[in-house]
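What follows is a single structure, written as structure tokens, with notes after it.
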Amino acid sequence: EDERLRQSQKMEAVGRLAAGIVHDINNLLAVVTSGLRLLEKEIDRDPASPKINQLIEGMLERAQNGGALTQQLLAFSRRQPLSPEAVDLNQRISALTQMLERTLGRGVETRCVLDPALSPIHIDANQLDVAILNLAVNARDAMAGKGTLIIETSNATEDAETDSGSFVRVSIRDTGCGMSEDVLAQVFEPFFTTKGENEGTGLGLSQVYGFISQSGGHVRIDSAVGEGTAVHLLLPKKAKTEI
Ligand code: ADP
């Protein structure tokens, strides 16, 4: 219990810090980006500058990466403005799957098992897409690019800790390497990653956890080393009104 408390206090502190910094960094990035765009236009008029254009492209891309990072931090801090709307989750997942197949590469087979009687939910659909994308990319990495990804929806059933009747469940399963107890205990920590320095940010699951919590939902993980992982999102049917 002590460990849990310490953990949640740490999350809270990092979250508060993140929310403060992210706002300022976003503003700085916006200035850098618009400056680079202007520069790009100016230089376009000088045909002798392909090298410089390439440099500018590179910098724009880095600024964009920085923006994506700060977004994830903001989600983790649970202080981002959310716009919940009525969402047909099955339809949303079908649309996302087409994009996923392109993103995840050929070795990953994506399968959807969608409950036709699924209740509608209220949630920020764009942030939900980001969360599912984060989970799918983790699944691909865990399978080293080869395996099966299953996305499953259902109306949530018995669950001791939650008022299950008011949730819909979406599960993202992979046939990857799975997680040890030790890893599982740390996955929601911001910046925790087992991937190489330039591979992982350790913010993917933090985004998922922060966003789902802020939306009034829950995240559960089942994992077995050598067999695979299932991440379950319990999403509220009714929008959470207060934050
Ligand atoms: P990142 O993907 O940048 O490492 P995440 O927060 O998304 O950051 O994940 C943290 C860690 O959790 C990963 O480095 C990995 O060790 C573990 N992990 C996440 N998803 C899975 C999965 N589907 N299968 C196995 N391990 C996973």
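Just so you know, all these numbers are worked out from the coordinates, no wet-lab data involved. Every value quoted in this text rests on a predicted model; they were computed, and no experiment measured them. Note that each Cβ is placed from the backbone with ideal geometry, even for glycine, and that neighbours are counted across all protein chains shown.
The residue list LEU100, PRO120, SER180 was ranked by how far each Cα lies along the charge dipole of the stretch 100-181 toward its positive end, using unit charges on Cβ atoms, and LEU100 comes out on top.
Grab the DSSP H runs of the chain that are 4 residues or longer, score each as -39,500 (n - 2.57), total them, divide by all residues and round the 222 nm result to the nearest 500 deg cm²/dmol.
That comes out to -17000 deg cm²/dmol.
Straight-line reach from LYS195: taking Cα to Cα under 30 Å and skipping same-chain neighbours fewer than 8 places apart, the lysines in range are LYS10, LYS146. Among the trypsin sites (Lys or Arg not before Pro) found in the stretch 26-129, those both in a DSSP coil and sparsely packed, with 13 or fewer other Cβ atoms within 10 Å of their Cβ, are ARG45, ARG106.
Of the DSSP H helices in the chain, those with a Cα length along their own long axis of 18 Å or more and a mean Kyte-Doolittle hydropathy reaching -1.0 comprise 2-44, 50-76, 89-104, 125-142. Taking GLY228, GLY217, GLY196 as the candidate residues, the one with maximal mean-square fluctuation in a Gaussian network model of the chain, Cα springs under 10 Å, is GLY196. Evaluated with a Cβ-only charge set (Lys, Arg +1; Asp, Glu -1), the chain carries a dipole of roughly 500 debye about its Cα centre, given to the nearest 20. Rounded, prolate or oblate: which fits the stretch 1-106, taking a ≥ b ≥ c as square roots of the Cα gyration tensor eigenvalues, rounded meaning a/c under 1.5, else prolate when a/b beats b/c? Verdict is oblate for the stretch 1-106.
Give, to the nearest whole percent, the P(r) tail of the chain beyond 33 angstrom, counting all Cα pairs. Here the tail beyond 33 Å accounts for 25 percent of pairs. Summing +1 for each Lys or Arg and -1 for each Asp or Glu, what net charge is found among the other residues whose Cβ lies under 11 Å from the Cβ of GLU152? Surrounding charge for GLU152 is +2. Net charge dipole, the stretch 27-96: roughly 240 debye, given to the nearest 20, about the Cα centre with Cβ charges of +1 for Lys and Arg and -1 for Asp and Glu. Taking every C-alpha pair closer than 8 Å and separated by at least 6 residues, the mean separation divided by the residue count of the chain gives a relative contact order of 19 percent.
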